Amino acid sequence: MSFAAKSPWLIHYDGSSCNGCDIEVLACLTPVYDIERFGIINTGNPKHADIFLITGGINKQNESIVQQIYKQMPSPKVVVAVGACAFNGGIFKDCYNILGGVDKVLPVDIYVSGCAARPEAIIDGVVKAIALLDEKSKSAS
Amino acid sequence: MMLQIISLIAYIIFAPIFGGLLAGVDRKITARMQGRTGPPIIQPFYDVLKLFSKEALVVNYVQNLFVFGYFVFTIFAGCLFFYGGDLLLVFFAITLAEIFLIMCASSANSAYSSMGAQRELLQMMAYEPMILIVAIGFYISSGSFAIKDIITSKISAITFTPGIFLGFLFILTIKLRKSPFDLSTSHHAHQEMVKGLTVELSGRILALTEIAHWYENAFLIGVLAIFIINSTWWSWIVALVVCAIAYFIEILIDNTYARVKWKVLLNSSWIVAFVFGILNLLALSYIK
């Protein structure tokens with residue numbers, strides 16, 4: 001097992017979401033779920049992050065920003081799209097500003113469904129992302 | 001002489017292990033205070049090993065040079081300290097290491113990085129008076145700047161410098177980067193300006209700053225210890241206990257106080273340096 005799996009740092013970004021999924025992501029850090037026991041840290045700095053947790057359907061304004069954050073992350077990296085909006089735009093699919101999901105702008109590795117996604121589901125998604133990170137880092141080295 | 005060399009080599013080999021475990025214990029105790037389980041104690045080692053396997057995105061190459069400078073001079077300061085050398089020179093060396101870190105952060109053309117550098121400079125301005133008073137206090141109480149003389153004196157330095165000890169504990173909060181004084185960069189969830197000083201560092205360069213921080217912590221605990229250590233063998237045990245209690249208090253303060261503004265940091269540090277430090281020195285100069 002590579003060390004990327006033992007210490008996965010994540011960056012969370014709100015890509016035009018209603019904040020429901022964001023609150024659930026932050027709930028994962030609270031004592032009830034406590035993802036720090038897996039060594040996961042929510043860093044605000046893409047240069048320090050391995051996993052990119054995005055919520056929301058992405059709009060024209062933050063399209064370039066989301067891509068910039070992704071580029072700033074050093075490899076190996078994994079993208080996790082959290083929530084129905086991140087999957088295909090969700091309830092906001094027909095809005096004029098929503099591009100319709102994270103995979104319109106970035107290569108997504110894991111999708112976590114839900115509206116809002118439950119912390120248990122988010123943790124499940126992050127655990128799958130860690131396994132993928134492990135594979136990527138093994139194939140990279 | 002032989003003992004000094006053994007101590008130096010032991011520092012070079014064991015200080016990162018000690019520093020890493022200290023960081024791990026810190027996170028575990030912090031987590032327990034917050035009602036969480038917390039990561040395993042060896043988590044910092046996992047973090048650093050992971051960072052070594054990541055791509056290093058270099059903003060500009062002079063940053064790498066400055067991080068090496070910070071790393072080398074931190075170890076140099078610690079080595080000199082554990083060899084039993086001149087305390088004043090040790091403090092100047094650690095200040096130089098910090099300057100390298102500040103220059104590293106300034107050299108990246110980044111807003112958060114520059115702000116982190118400015119705040120770090122401010123923090124240095126806040127704790128430097130107390131650090132110098134610590135050195136002077138040791139000189140007056142044991143007659144020498146050399147650490148090997150301080151730890152072999154008949155009476156513990158703290159009996160002459162209790163105020164200076166308390167003052168040093170106060171600024172230790174700044175040096176250990178703990179709330180309320182973690183203005184320039186802080187651990188993880190406490191961030192204010194993204195990561196401040198280390199925002200533009202990644203991969204193995206970030207890992208080096210982390211390891212240098214461990215070496216620095218080992219050295220700082222050492223400075224705490226020499227307040228207590230004297231020529232008796234049991235003073236070493238007392239010093240260990242005092243250091244453990246002091247570090248626990250630092251973790252407690254970290255968890256109970258929110259970050260302050262820079263003016264509060266500067267004013268409170270200087271007031272503490274004046275009240276605890278200079279008054280202690282004045283009292284000492286009457287006694288000695």
- Item | Test result for residue B:209, assigned to a helix (DSSP H, G or I), surrounded by fewer than 22 Cβ atoms within 10 Å (Cβ to Cβ) and among the polar types (S, T, N, Q) | yes
- Item | Some residue of the range B:56-65 being modelled with pLDDT of 95 or more, of a type in the set (A, V, I, L, M) and surrounded by fewer than 17 Cβ atoms within 10 Å (Cβ to Cβ) | no
- Query: Just wondering, is there one or more residues in the range A:40-58 that are within 11 Å of chain B (Cβ to nearest Cβ) and surrounded by fewer than 19 Cβ atoms within 10 Å (Cβ to Cβ)?
  - Reply: yes
- Within the bounds of the range B:114-123, is there any residue that is within 14 Å of another protein chain (Cβ to nearest Cβ) and either part of a helix (DSSP H, G or I) or at pLDDT 95 or above (or both)? yes
- Query: When the range B:35-50 is examined, which residues are found to be more than 7 Å from every other protein chain (Cβ to nearest Cβ) and either of a type in the set (A, V, I, L, M) or part of a helix (DSSP H, G or I) (or both)?
  - Reply: B:41, B:42, B:44, B:45, B:48
- Can we say residue A:106 is closer than 15 Å to residue A:9 by Cβ and touching a residue at least 40 places away in the same chain (Cβ under 8 Å)? no
- Matching residues in the range B:227-251 - criterion: being within 19 Å of residue B:11 (Cα to Cα) and either of a type in the set (Asp, Glu) or surrounded by fewer than 21 Cβ atoms within 10 Å (Cβ to Cβ) (or both): B:236, B:237, B:240, B:243, B:244
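Residue-by-condition table, conditions (1) within 13 Å of chain B (Cβ to nearest Cβ); (2) surrounded by fewer than 22 Cβ atoms within 10 Å (Cβ to Cβ); (3) in a strand (DSSP E or B):
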| position | (1), (2), (3) |
| --- | --- |
| A:4 | yes, no, no |
| A:23 | no, yes, no |
| A:32 | yes, yes, no |
| A:36 | yes, no, no |
| A:64 | no, yes, no |
| A:70 | yes, yes, no |
| A:81 | no, no, yes |
| A:91 | no, yes, no |
| A:95 | no, yes, no |
- Message: List pairs: first residue in the range B:192-210 and at pLDDT 90 or above, second residue of a type in the set (S, T, N, Q) and buried (at least 24 other Cβ atoms within 10 Å of the Cβ) anywhere in the structure, Cβ distance under 8 angstrom, at least six positions apart or on different chains.
- Response: B:206/B:198; B:209/B:198
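With B:129, B:39 as the choices, which residue is free of Cβ contacts under 8 Å to residues at least 40 places away in the same chain and either of a type in the set (S, T, N, Q) or buried (at least 17 other Cβ atoms within 10 Å of the Cβ) (or both)? Steps first, answer last, please.
Numbers: B:129 fails: free of Cβ contacts under 8 Å to residues at least 40 places away in the same chain.
After ruling out the rest, the residue left standing is B:39.
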- Message: Restricting to the range B:25-34, and then to whatever is in contact with a Gly (Cβ under 9 Å, 6 or more places away or on another chain) and within 12 Å of another protein chain (Cβ to nearest Cβ), can you tell me which residue is farthest from residue B:214 (Cα to Cα)?
- Response: B:32
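Considering each of B:93, B:111 in turn, give the residue that is over 28 Å from residue A:39 (Cα atoms) and within 14 Å of chain A (Cβ to nearest Cβ).
Selected residue: B:111, the only one of B:93, B:111 that is over 28 Å from residue A:39 (Cα atoms) and within 14 Å of chain A (Cβ to nearest Cβ).
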- Only one of these conditions is not met by residue B:82: (1) in contact with a Ser or Thr (Cβ under 6 Å, 6 or more places away or on another chain); (2) more than 14 Å from every other protein chain (Cβ to nearest Cβ); (3) surrounded by fewer than 16 Cβ atoms within 10 Å (Cβ to Cβ). Which number is it? (3)
- Query: Are any of the residues in the range B:138-159 closer than 30 Å to residue B:261 by Cβ and in a helix (DSSP H, G or I)?
  - Reply: no
- Task: Could you look through the range B:163-204, keep only residues that are facing another protein chain (nearest Cβ under 10 Å) and crowded, with 23+ Cβ neighbours inside 10 Å, and pick out the one that is nearest to residue B:261 (Cα to Cα)?
- Result: B:196
- Query: In the range B:10-21, what count of residues is obtained for those that are in contact with a helix residue (DSSP H, G or I) (Cβ under 9 Å, 6 or more places away or on another chain), of a type outside the set (Phe, Trp, Tyr) and surrounded by fewer than 18 Cβ atoms within 10 Å (Cβ to Cβ)?
  - Reply: 4
- Item | the range B:226-282: number of residues that are touching a Leu at 6+ places or on another chain (Cβ under 8 Å), of a type in the set (Phe, Trp, Tyr) and under 18 Å from residue B:33 (Cα atoms) | 1
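The values are calculated or read from the model by the stated rules, or taken from the named source; none is laboratory data. These figures come from a predicted structure and were not determined experimentally. Every residue, glycine as well, gets a Cβ built from its backbone with ideal geometry; the counts of neighbours run over all protein chains shown.
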